[in-house]
Amino acid sequence: MLLVALLLATPALAQVRGVELRVPRAFGYFLGDLVQVQADIRVDPGFTVQRPSLPKPGPVTYWLDLRAVTVEERREGDATLIRLRLTYQDFYAALDSRTLDVPGFAVTIQSDGKEGLTTAIAQVPAWKIGVSPLREVQPERRDDPAEYLLPDGRAPRLDPQPATATALTLLALAALALVPLARDRAWGPFAPRRGRPFALGLKALRRAKRKARGDDLTREAFLVLHRALDATAGRRVLADDLPLFLAGHPAFRGQEEGLRKFFAASRQAFFGRETEAAARDFPLSDVEALLGRLAAAERSA
């Protein structure tokens with residue numbers, strides 16, 4: 001019977017290969033300190049920890065509480081590592097330095113194999129903790145009780161002037177950086193300067209979209225583009241003048257096809273009095289897109 005018991009017990013013993021307990025330090029803890037403990041349990045492959053068997057957060061002894069328990073499981077070589085991270089809190093009001101015993105606990109591991117559920121017990125051993133008093137037991141006698149109190153620590157006064165100066169300097173640099181951007185985009189005081197009629201025309205078209213509708217808006221959009229072309233050339237530009245205009249302003253040669261379509265639609269609207277047909281052939285969105293491309297070429301010229 002003894003031999004049978006040993007044979008039955010051998011697999012269960014082999015399932016738990018070892019338990020290792022690690023504590024950052026075993027001494028120097030004061031009232032209220034948190035104590036971090038790591039328990040590494042190595043078991044056979046296929047075994048996992050039974051979560052209900054883990055210790056529950058709460059009082060462990062009258063002076064020690066378990067605050068939190070986390071579990072990590074991973075394969076390590078030919079074994080499975082179950083790592084328990086435990087956080088304790090010390091409530092022992094020590095009058096002198098002493099060593100206290102922290103009780104161990106048991107954890108159940110399990111494996112659900114072909115032969116059914118197999119369980120085993122892993123015993124996390126007890127360990128010791130060294131606690132220290134917050135104050136001396138018999139301080140030096142003083143006549144005034146207030147002398148036992150230490151003054152409050154003084155925090156250094158921070159001067160806000162350097163940070164304020166840095167912020168104002170960065171703000172001034174940001175404002176200066178806006179100047180070339182405003183000039184490039186023809187914003188604010190840079191809007192009416194010479195050499196940007198297409199940028200002004202794009203703004204005029206957007207204002208016209210808020211006021212006019214239908215055929216009136218189509219004719220107004222065509223006139224805006226005509227005026228921008230005339231201002232760029234310094235004279236009236238008609239459809240037959242387009243090759244000469246592009247020869248004198250090579251920055252706009254990439255928009256030749258769009259300009260030809262525009263002049264054809266403009267002639268249809270103003271001379272053929274077919275505004276609706278012109279709007280279908282060259283709609284308002286095309287006028288605005290062409291103005292935008294011309295304004296971009298204008299900026300890069």
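Data table
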read-out: Residue identified as open to solvent by 70 Å² or more (accessible area, probe 1.4 Å), of a type in the set (Phe, Trp, Tyr) and either out of contact with any strand residue (DSSP E or B) (no Cβ under 7 Å at 6 or more places or on another chain) or modelled with pLDDT under 85 (or both) among 252, 282, 271; value: 271
read-out: Out of 261, 203, sole residue that is open to solvent by less than 70 Å² (accessible area, probe 1.4 Å), out of contact with any helix residue (DSSP H, G or I) (no Cβ under 6 Å at 6 or more places or on another chain) and either part of a helix (DSSP H, G or I) or closer than 18 Å to residue 296 by Cα (or both); value: 203
read-out: Residues of the stretch 65-92 classified as in contact (Cβ under 8 Å) with a residue 60 or more places away in the chain and open to solvent by less than 70 Å² (accessible area, probe 1.4 Å), total; value: 3
read-out: Verdict on residue 295 being farther than 29 Å from residue 184 by Cα and open to solvent by less than 20 Å² (accessible area, probe 1.4 Å); value: no
read-out: Matching residues in the stretch 93-124 - criterion: being over 43 Å from the mean Cα position of the chain (by Cα) and open to solvent by less than 90 Å² (accessible area, probe 1.4 Å); value: 93, 94, 96, 97, 100, 103, 113, 116, 118, 119, 120
read-out: Residue in the stretch 23-64 that is most open to solvent (accessible area, probe 1.4 Å), counting only those that are among the aliphatic types (A, V, I, L, M), over 38 Å from the mean Cα position of the chain (by Cα) and within 17 Å of residue 131 (Cβ to Cβ); value: 31
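The values are calculated or read from the model by the stated rules, or taken from the named source; none is laboratory data. Just so it is clear, the model here is predicted, and its values are computed rather than measured. Reconstructed Cβ throughout: ideal geometry from the backbone, glycine too, with neighbour counts over all protein chains shown. Note: accessible area is taken over every heavy atom of the protein model, side chains too, but ligands, DNA and RNA are not part of it. Shrake-Rupley method; radii C 1.70, N 1.55, O 1.52, S 1.80 Å.
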